[in-house]
Amino acid sequence: MTLEIGQLESLDQEECYRLLARTALGRVGVTLGAVPAVLPVNFSLLGEDVIFRTGIDGVLMGAVDGKVVAFEADHIDVQSHEGWSVMMVGWAHRVHDRDLLETVTHLPLQPWAPGDRDAVVQVIPRFVSGRRITHRFPAGIDAMETVERFRP
């Protein structure tokens, strides 16, 4: 017997941004030479734009400045097998505008990695999508008990 309890839900743009605002760690997909790479960054939202810091002369700065990048953030609950993922594609560039740099200083954005992270990068999205997987059970049914009954 197969127990189908999962539901994959496409998220609208408003929900994507609501979820992104609740997390601080994402991944930037770039091309290093001809090789794809996905690098973790801590980030903040500024309106609909993703903002993160990196080293001025670092590999990431060279891979993103003036390039199209992918950005992804997610949250997974390994116990319930539920979670969400939001992906965007957009143009990334180093921020030089003084007013924007001043605004960024007020964001909850402190680099986690050691070393200087003096370059501010802004990703301006052109495409945003997301999805969520949930396991919803009718009222009165214990989800974990039901899953255990059907575990091989």
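The values are calculated or read from the model by the stated rules, or taken from the named source; none is laboratory data. Remember, predicted model here, so these are calculated numbers, not experimental data. Because the Cβ atoms are built from the backbone with ideal geometry, glycine has one as well, and the counts that use them run over all protein chains shown.
In the set GLU48, GLU72, only one residue is modelled with pLDDT of 95 or more, farther than 15 Å from ARG27 by Cα and within 13 Å of the chain's Cα centre (by Cα); that residue is GLU48. Checked against (1) touching a residue at least 40 places away in the same chain (Cβ under 8 Å); (2) hydrophobic (A, V, I, L, M, F, W, C); (3) surrounded by fewer than 12 Cβ atoms within 10 Å (Cβ to Cβ); (4) within 16 Å of VAL123 (Cβ to Cβ), ALA21 passes all but condition (1).
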